[in-house]
Amino acid sequence: MRPAPHSPPAVAGRIDIRNLSIRLGQGRQAFEAVQNVSLGIEPGEFVCLLGPSGCGKSTLLGTLAGHLQPGSGDIRVDALPVEGPHPERGLVFQHHTLFPWLKVVDNVAFGMKMRGIGRQERSREAQRLLDRVGLSEFRHHYPSQLSGGMQQRVEIARVLINQPKVMLMDEPFGALDAQTRMMMQQLLLDIWESIRTTIVFITHDIDEALFLADRIIVMSPRPGRIIEQIAVEFARPRRAELITTDGFTRLKHRCLELLHPKSNHPLPRLSPLGTVP
Ligand SMILES: Nc1ncnc2c1ncn2[C@@H]1O[C@H](COP(=O)(O)OP(=O)(O)O)[C@@H](O)[C@H]1O
Ligand SMILES: [Mg+2]
């Protein structure tokens with residue numbers, strides 16, 4: 001993995017997943033959602049899980065977070081088995097989980113409050129992180145007074161205040177418009193390049209995975225298995241122009257081949273009504 005300029009090498013946040021299978025549902029409805037996944041992730045690495053809807057990405061992430069039990073296999077972070085949720089594994093979802101009745105600054109400081117840290121220190125740290133995500137002016141607003149992109153920035157600050165070894169992000173920008181989404185991707189990379197926490201980022205958007213990741217883990221349709229791992233060696237820091245380069249297009253074709261194996265990847269032909277048949 002290529003270290004980012006000026007960033008300290010990460011020492012914590014190694015993930016080891018071995019022969020992981022996850023069953024969901026009860027009785028005759030039970031099915032295997034994730035099948036025999038083995039994966040090692042280096043401390044400070046940015047990994048994207050890419051796969052079709054329903055292939056088990058969120059299930060896999062939920063197990064990493066400690067919210068779901070694996071059916072079989074083993075998940076470790078820094079050699080310790082994952083036995084339940086922990087603030088050192090911070091989760092960010094597509095929709096924010098901020099408390100609507102708390103101001104932005106108190107939402108961000110909440111994790112420190114839970115750890116019994118005094119008001120002054122947590123307010124200073126929350127302020128620093130709000131600066132980092134460009135929202136210090138909005139510290140006294142309530143979540144409902146912010147746009148979707150701003151809410152996700154607060155959410156990221158709320159997770160970062162716990163100094164996580166690992167950030168688990170489940171389509172965090174999936175509900176944002178294209179322009180806000182690109183801005184958030186850039187912001188996330190800037191933050192990651194300065195703190196170098198391990199990031200496992202789920203997306204079904206090939207461009208997003210290629211722009212962000214050091215490595216893309218491509219999953220099959222259900223039951224989710226790893227079908228390929230793609231090293232993404234574009235130089236960092238990455239800028240928006242990257243997506244217009246030949247190297248980017250080449251890897252994008254490879255991802256399309258893997259996600260849509262039967263087609264030859266021309267653009268989908270439109271029916272006379274303009275819908276994809
Ligand atoms: N609690 C559950 N009980 C039964 N089926 C579930 C449950 N959660 C998810 N599923 C199903 O499991 C499969 C994998 O879901 P999920 O991990 O959410 O996929 P992805 O995040 O890749 O879209 C899907 O077919 C989904 O409908
Ligand atoms: Mg999902």
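The values are calculated or read from the model by the stated rules, or taken from the named source; none is laboratory data. Since we're looking at a predicted model, the values are computed, not measured. Cβ: placed from backbone, ideal geometry, glycine included. Neighbour counts: every protein chain shown. Each accessible area value is taken on the protein alone, full model and side chains, heavy atoms only, with ligands, DNA and RNA left out. Shrake-Rupley method; radii C 1.70, N 1.55, O 1.52, S 1.80 Å.
Tabulated results
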item: P143 open to solvent by less than 20 Å² (accessible area, probe 1.4 Å), of a type outside the set (A, V, I, L, M, F, W, C) and in the same structural domain as E45 (by TED's automatic domain parsing); result: no
item: Count - residues of region 22-34 that are open to solvent by 10 Å² or more (accessible area, probe 1.4 Å) and either basic (K, R) or under 27 Å from A12 (Cβ atoms) (or both); result: 2
item: Residues (more than 16 Å from ligand 1 (Cβ to nearest atom) and either assigned to a loop (DSSP other than H, G, I, E, B) or within 11 Å of P87 (Cα to Cα) (or both)) located in region 148-175; result: R158, V159, L160, I161, N162, Q163, P164, K165, V166, M167
item: From I230, I202, residue being modelled with pLDDT of 95 or more, in contact with a helix residue (DSSP H, G or I) (Cβ under 7 Å, 6 or more places away or on another chain) and more than 22 Å from A178 (Cα to Cα); result: I230
item: Failed item, numbered, when F110 is tested on (1) under 16 Å from the mean Cα position of the chain (by Cα); (2) not assigned by TED's automatic domain parsing to the domain that holds H67; result: (1)
item: Single residue of region 35-66 satisfying the filter (away from ligand 1 (no atom under 11 Å from the Cβ) and open to solvent by 40 Å² or more (accessible area, probe 1.4 Å)) that is nearest to R23 (Cα to Cα); result: Q35
item: Single residue of L168, L146, L212, L130 found to be within 16 Å of ligand 2 (Cβ to nearest atom) and in contact with a Phe, Trp or Tyr (Cβ under 9 Å, 6 or more places away or on another chain); result: L168
item: Top-ranked residue in region 77-103 [being in a loop (DSSP other than H, G, I, E, B) and among the hydrophobic types (A, V, I, L, M, F, W, C); ranked as least open to solvent (accessible area, probe 1.4 Å)]; result: L98
item: Conditions (1) farther than 28 Å from E193 by Cα; (2) in a loop (DSSP other than H, G, I, E, B); (3) away from ligand 1 (no atom under 16 Å from the Cβ); number of the one not met by D74; result: (2)
item: Matching residues in region 48-73 - criterion: being at pLDDT 95 or above and away from ligand 2 (no atom under 16 Å from the Cβ); result: G66, G73
item: Some residue of region 222-235 being more than 23 Å from S58 (Cα to Cα) and without any contact (Cβ under 8 Å) to a residue 60 or more places away in the chain; result: yes
item: Residue in region 233-277 that is modelled with the lowest pLDDT, counting only those that are open to solvent by less than 50 Å² (accessible area, probe 1.4 Å) and in contact with a Pro (Cβ under 9 Å, 6 or more places away or on another chain); result: S271
item: Total residues in region 104-125, condition farther than 30 Å from L60 by Cβ and open to solvent by 70 Å² or more (accessible area, probe 1.4 Å); result: 5
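Every residue, every condition in (1) under 22 Å from A240 (Cβ atoms); (2) hydroxyl-bearing (S, T, Y); (3) surrounded by 23 or more Cβ atoms within 10 Å (Cβ to Cβ), yes or no:
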site: V154; (1), (2), (3): no, no, yes
site: R158; (1), (2), (3): no, no, yes
site: I161; (1), (2), (3): no, no, yes
site: V166; (1), (2), (3): no, no, yes
site: M184; (1), (2), (3): yes, no, no
site: I191; (1), (2), (3): yes, no, no
site: V200; (1), (2), (3): no, no, yes
site: D205; (1), (2), (3): yes, no, no
site: I216; (1), (2), (3): yes, no, yes
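Table: residues versus (1) under 12 Å from the mean Cα position of the chain (by Cα); (2) without any contact (Cβ under 8 Å) to a residue 24 or more places away in the chain.
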site	(1), (2)
S53	no, no
L61	yes, no
G66	no, yes
S72	no, no
A79	no, no
G84	no, yes
